[in-house]
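Here is the structure we will look at.
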Amino acid sequence: MKNVIIIALMLIGTTTFAQNKNAKTTMEVDGVCGMCKARIEKACLSTKGVKYAQWNIETHELKLIFDERKTDTKVIKSNVLAAGHDVEEEKATDEDYAKVHACCKYRDENLKAEHENDN
Amino acid sequence: MKQLIYIVLMFPAFLVSQERISGKVLEANNENQDIGLAGANVYWLNSEVGTVTNIDGDFTLLYKPEFNKLVISYVGFKTDTLTINSPKFIKHWLKPTDNLDEITITSRKQATAKSYMQAQNVFTVSSEELLKAACCNLSESFETNPSIDVNFADAISGTRQIKMLGLTSPYILITTENIPSIRGASQAYGLSFIPGTWVESIQVTKGSGSVVNGFESIAGQINTELVKPSTDDKLFVNLYGATNERLELNTHINTKVNDKWYTGLYLHGNTHNKKHDVNNDGFLDMPLFNQINVMNRWQYVDTQKGFVSFINLKFLNDEKQSGQLTFNPETDRLTTNSWGSEIDTRRYEVSTKFGYVNPEIPWQSLGVQTAFSSHNQESYFGLNTYNIKHNSLYANAIYNSIISDSRHKIKTGVSYTYDHYDEFVNTIDYERTENSVGAFFEYSFDNLELLNLTAGIRVDHHNLLGTFVTPRLHARYSPWSKSAFRISFGRGKRSANIFTENQQLFSTSRQINILNSGGVIYGLDPEIAWNYGFSYLQGFNLFGRKADITFDYYKTDFVNQVVVDWETPTEINFYNLEEKSFAKSFQLELNYNAFEGFDLRTAYKFYNVKTDYNSGRLERPLTPKHRFFINLGYKTKLKENNAQWKFDTTFNWLGDQRYANTTANPVQYQLPERTPTVATLNAQITKVFSSKFEVYLGGENITNLRQPNPVLGVDDPFGANFDSTFVYGPIFGSMYYAGLRYKIK
């Protein structure tokens, strides 16, 4: 157990462990509607190596399965950010955010409330 | 496991002294053991505050009163959102996701659903929709559906036949949980062998179906999902009685055998023993009948390992008697004492389904379906005898996966069918064996927004139909919000079972002629047709309420067809199509949720169905050109104890229809060229007392419309002009019914 922890501590800060063909991860991505869902999932799937992406409108959780030999979470994250969606603590640039459709302006509290009404 | 520790260590805990909430996330299991789920995400909805559970599944998290929705998720498990009002310790079991929907497509909740997203033009009818018209079996459950036409039952079989895109049911692939079920010998009465209460939902696909289910579908596909032991009520009882003294009883009993096995027993009985002759023609308006139908289902579910399996056993015994009021089967069977008919059917079925979804890789799954059925019908109609035995075996293996990513899905597999037919038609024995082996490949692309398409191809080797290729294509394009343009085309090929599909011919004095052309099936060639379709669906808001409108146009072109020629009144002729035969159908449908609880559905249809007979190009007999349909449904607000009132009414109008030519008959047996128009009205009221008990009361054909002379030549049923097939409208007038449903969840 000790060894494990030591190894673990040594590996902190790096993201590559084993080279898994079907690595799973989840991340929280901000968005509000079905259009956001399509945009987020498309941004992920357009990343070479991502095999499966599913974003949940209500929970904002993005589930991913990807080939670690071809990509990593950093690349995927940056692509989602580039699509205009905030990922966890990282904010999409204002330019990228500006590109999302008017109905998808998830940073707008009023809009959020509106979308809650249509569900 | 190691990786999980790393992940845990990578997320430093928030060490600020604020109010905190702690808890434990566990993996749901049947032994109720505490198995901690490490690495699960726990976070407050719409916030950036979150954490990951440690190796024991424990977590602690910052708590603020404004946070109230806690989301717990993990890949491969169902995401749960909990409502938290105070920072108490939380213990939560997360359930593994059931990713088997690739194999069993089911749809519930919405009464009817049209998909904006699918490539195929699919209309889903849910169990709720099926309750709108309480009676009684699958053939009657399309009454509230504008895409499928249900004709009026003839007096002999009492069975309603269905049509889609202007074509009769043999051109529709009818499957039960994706296994072809109503085909061959069961074609004529098969829909009445599936009790309505057994049906969980129905998916209607217009246009050529998927290659996965075989090469036979031409006009479309109707798939019926049956109730499942794991989700159906523990006990369900449905009792139905009608003013014509038809009685039905349905009982379902479902139990959980152990943590993985469920079983259900479904019993159906219906009986009608009262002779009616409202039109005083000496003939029964509807047959006397008795049916016993039993199904036993076994369901195996192991979501952790990703296995799902079904085993179904079915038994059916159906007896019908019809004809003249004076007919006594004991003394008059096959004599000229009086005209009568008996149809006795006995059917056994065993089917199994096995599915595996890789729990690690949700897109990978394997399904294997097998089905065996033995169908035996013994019948006579006046002096005509018709017996058919049909043994059938079906096996299909489907593998689902993706190419590069989940936008590109593939389905591929192999199938095998075996059919043995043994028919006895008056004095002639027809026997044949058909078998086929096929392989299919279907690719679907979904760009997640505007476009998706499904392209499939299959190659089959059939001992009588030869080796042939079946292509099918469906595509959807949504250029703007709430729209869907769809196109489809595909090819279908089938062997026509001329006698069983046209069984009404035996209730006539017509002479049966097969104009043999040296073909392999009754001397005739297989039927081949191409189907092309276009549809446009647009959703919109009208006065702030949801509405949608659909236009669709489909055309079926027969390359070869077995022409059923009724145009000589004393004969029925079967021959291969020489020139052209086509069915064009146009449908305009509007759905509108006008106010809370009130739904309106209305449709207009135009059919142009023509065939080149030996006597020239003619409209297919008894197929109306114009149809109008309207259905109104209103539900009161659901009370706390689930009490509710439901009202439903359907109005159907059929334009005039062409009678098959009768000009060669003596004047008194001649019919006009066309039938009058027909309008019928059905209504039903359901009072739900609680989630356990409800009663319903309804009426069919409330305006008491009747076709005055449904049987030609009643005065001399053994004479040359006797014919009971000219049915364009209801024979029996209005009929009222009442029933109850009792269920224990």
For chain B, alpha-carbon Rg over 2.2 N^0.38 Å = 1.04
The pairs in B:Lys78/B:Lys692; A:Lys99/B:Lys605; B:Lys91/B:Lys745 lying past 32 Å Cα-Cα in this model are A:Lys99/B:Lys605
Of all GluC sites (Glu not before Pro) in region B:315-419, the ones in DSSP coil with at most 12 other Cβ atoms within 10 Å are B:Glu360
Multiply the residue separation of B:Thr703 and B:Glu619 by 0.36 nm, subtract the distance between their alpha-carbon atoms, and state the gained length in nm to one decimal.
-> 27.3 nm
What's the long-distance tail for region A:20-118, i.e. % of Cα pairs beyond 20 Å?
-> 32 percent
For region B:239-311, alpha-carbon Rg over 2.2 N^0.38 Å | 1.77
Averaged over A:38-47, number of beta-carbon atoms from partner chains that fall within 10 Å = 3
By Cβ neighbour count within 10 Å, fewest first, B:Phe718, B:Phe307, B:Phe289, B:Phe215 rank B:Phe718, B:Phe307, B:Phe289, B:Phe215
Label-to-label distance, nm, for residues given as B:Ser481 and B:Ser374 (7 Å Cα→Cβ offset) | 6.1 nm
May I ask which of B:Lys305/B:Lys493; B:Lys256/B:Lys320; A:Lys63/A:Lys105; B:Lys24/B:Lys411 have a Cα-Cα span longer than 30 Å here?
-> B:Lys305/B:Lys493; B:Lys256/B:Lys320; B:Lys24/B:Lys411
Going through region A:29-88, which trypsin sites (Lys or Arg not before Pro) have at most 12 other Cβ atoms within 10 Å and a DSSP loop state?
-> A:Lys48, A:Arg69
Reachable lysines from B:Lys610, Cα under 17 Å, same-chain residues fewer than 8 places away excluded?
-> B:Lys163, B:Lys555, B:Lys580, B:Lys584, B:Lys625
Per-residue mean of C-beta atoms belonging to partner chains within 10 Å, peptide B:359-367 = 2
P(r) over all Cα-Cα pairs of the protein assembly as shown, 10 Å bins from 0 to the longest distance, whole percent per bin, short to long, reads 2, 11, 20, 23, 19, 12, 7, 4, 2, 0, 0
Can you put A:Asp72, A:Asp94 in order, fewest other beta carbons within 10 Å first?
-> A:Asp94, A:Asp72
So how far apart, in nm, are the two label points at B:Tyr736 and B:Thr243 if each is 7 Å from Cα heading toward Cβ?
-> 0.5 nm
Estimated FRET transfer efficiency when R0 is 41 angstrom, pair B:Asn426-B:Val459 (beta carbons, to 0.05) | 0.55
With DSSP loop assignment and no more than 10 other C-beta atoms within 10 Å, the chymotrypsin sites (Phe, Trp or Tyr not before Pro) in region B:488-567 are B:Phe543
Report, ordered by chain and residue number, the aspartates and glutamates lying within cross-link reach of A:Lys51, taken as a straight Cα distance under 14 Å and ignoring same-chain residues fewer than 8 apart.
-> A:Glu41, A:Asp67, A:Glu68, A:Asp72, B:Glu360, B:Asp405, B:Asp446
State the percent of C-alpha pairs, over all pairs in region B:272-350, separated by a distance greater than 17 angstrom.
-> 61 percent
Burial ordering of A:Cys36, A:Cys103, fewest other beta-carbon atoms within 10 Å first = A:Cys103, A:Cys36
Can you tell me the relative contact order of region B:180-279? Whole percent, Cα pairs under 8 Å, sequence separation 6 or more.
-> 19 percent
As a Kirkwood estimate from alpha-carbon pairs, region B:503-581 has a hydrodynamic radius in angstrom of 16.0 Å
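Read-outs: derived from the displayed coordinates by stated rules, not from any lab. Everything quoted here is computed from the prediction, not taken from an experiment. Neighbour counts run over all protein chains shown; Cβ positions are idealised from the backbone, glycine included.
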